[in-house]
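What follows is a set of notes on a single structure, which appears directly below.
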Amino acid sequence: GCFKGGLVVEGRVRGNLICREGDEGSLTLSKDGVVEGCVDVPHQVLDGTVIGDVVATEYIALKEHARVTGNVRYNFLEMSVGAEVNGQLVHSGSEVGALQIALDEPAVLPG
């Protein structure tokens with residue numbers, strides 16, 4: 001479901017967790033917490049299990065007990081030793097950056 005502000009999950013959640021209230025929303029998932037669904041929250045500190053895709057437009061910290069089965073899209077990522085991601089890590093600005101490099105390249109080549 002959708003929520004505002006900060007959310008701490010210590011148990012099991014079946015369903016998507018979405019916070020679209022600006023850049024202030026935060027999720028903390030404890031090491032015993034499990035989310036079965038997609039997580040779309042600007043600030044995330046994950047120390048538990050997520051079975052689904054994760055989107056963090058601001059910041060995500062994957063602590064040592066974090067287990068993500070799905071893709072992680074992030075702006076700033078902090079990953080502790082022991083954290084596992086079974087999926088792709090995708091920087092949210094990477095497509096734009098690749099396009100920018102492709103457009104700029106001809107100007108850099110010698111005349």
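Read-outs: derived from the displayed coordinates by stated rules, not from any lab. From a predicted model like this one, the values you see are computed outputs, not experimental measurements. Using ideal geometry, Cβ is built from the backbone for each residue, glycine included, and neighbour counts are taken over all protein chains shown.
Odds and ends about this structure:
- Karplus-derived HN-Hα couplings along the stretch 53-70 (A = 6.51, B = -1.76, C = 1.60, θ = phi - 60°), whole Hz, x at Gly and Pro: 6, 10, 10, 10, 6, 10, 8, 9, 10, 9, 7, 5, 9, 5, 9, 10, 9, x
- Computed from backbone phi, the HN-Hα couplings of the stretch 4-16 come to 10, x, x, 9, 10, 10, 10, x, 10, 10, 10, x, 7 Hz, rounded to whole numbers (Karplus: 6.51 cos²θ - 1.76 cosθ + 1.60, θ = phi - 60°; Gly and Pro given as x).
- The length gained on full extension between residue 92 and residue 75, counted as 0.36 nm times the residue separation minus their Cα-Cα distance, comes to 5.6 nm.
- Remark on residue 76: its backbone amide H falls under 5 Å from those of 59, 60, a criterion applied only to residues 5 or more positions apart or on other chains, H modelled at 1.01 Å from N.
- Under 5 Å from the amide H of residue 18 lie the amide H atoms of 2, 3, 40, each residue being 5 or more positions distant or on a separate chain, with H modelled from the backbone and absent for Pro and chain starts.
- The modelled label-to-label distance between residue 51 and residue 64, using points 7 Å beyond Cα along the C-beta direction, is 2.6 nm.
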